[in-house]
Amino acid sequence: MTGHQKLALAALLAVVCAAASAADAPPISPPLISPPATSTPPTTAPSAGVLSIATPPNTSPPMFSATSPAARRIAIPHDEPELPALPGRDAFVSNCVICHSPRYVSAQPNFQRAVWTAEVNKMIKVYGAPIAPEDVPKIVDYLVAWNGQEDKKP
């Protein structure tokens, strides 16, 4: 996921959460975590090196409960590109999609065959992709057919 996609997703989540909390959730009031209802103040002073925090009794309703509208789930669609049925698709799916999304390929420019070949070889040599040598030409053929172009003649 690119930085722009992460930023867009964060903005979307902020808008959705703000709309849900503004419409349905009770106002936020401290403390966010309340002490148990049966707690009583300590009768002895804390020992040296122990931090003692006094919290007021919780008189507000709980922030989140199973029935609270603020406890709703947000489902964000996971939209992957269609993988066209072209020669080499099976080799691509079984070797490339095990490590990254097909969207990674569809977001690339239409590379020439030499660039796709170098990319596949880089995945093997640099990142240790477990691609059999006989699958490399099939994968490159698929990448060129789906999102590439043949090498330009000089």
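What follows is calculated from the coordinates using simple rules that are stated; it is not laboratory data. Because the structure is a prediction, the values reported are computed rather than measured. FYI the Cβ positions are ideal-geometry reconstructions off the backbone, even for glycines, and counts take in every protein chain you see.
State which residue is farthest from the chain's Cα centre (by Cα) when the search covers only region 144-154 and only residues that are more than 10 Å from residue 87 (Cα to Cα) and in contact (Cβ under 8 Å) with a residue 12 or more places away in the chain.
That would be 152.
Within the set of pairs 6+ apart or on separate chains, which have a first residue in region 110-125 that is over 17 Å from residue 100 (Cβ atoms), a second that is surrounded by 16 or more Cβ atoms within 10 Å (Cβ to Cβ) and of a type in the set (Val, Ile, Thr), and C-beta atoms under 7 Å apart?
From residues that are over 17 Å from residue 100 (Cβ atoms), the pairs are 113/140; 113/144; 117/140.
Here is a yes/no grid of residues against (1) touching a Phe, Trp or Tyr at 6+ places or on another chain (Cβ under 8 Å); (2) under 12 Å from residue 140 (Cα atoms); (3) surrounded by 14 or more Cβ atoms within 10 Å (Cβ to Cβ); (4) charged (D, E, K, R):
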{"position": "82", "(1), (2), (3), (4)": "no, no, no, yes"}
{"position": "86", "(1), (2), (3), (4)": "yes, yes, no, no"}
{"position": "93", "(1), (2), (3), (4)": "no, no, yes, no"}
{"position": "98", "(1), (2), (3), (4)": "no, no, no, no"}
{"position": "101", "(1), (2), (3), (4)": "no, no, yes, no"}
{"position": "107", "(1), (2), (3), (4)": "no, no, no, no"}
{"position": "111", "(1), (2), (3), (4)": "no, yes, yes, no"}
{"position": "117", "(1), (2), (3), (4)": "no, yes, yes, no"}
{"position": "124", "(1), (2), (3), (4)": "no, no, yes, no"}
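Filter region 133-154 down to residues that are surrounded by 12 or more Cβ atoms within 10 Å (Cβ to Cβ) and outside any helix (DSSP H, G or I), then give me how many there are.
3
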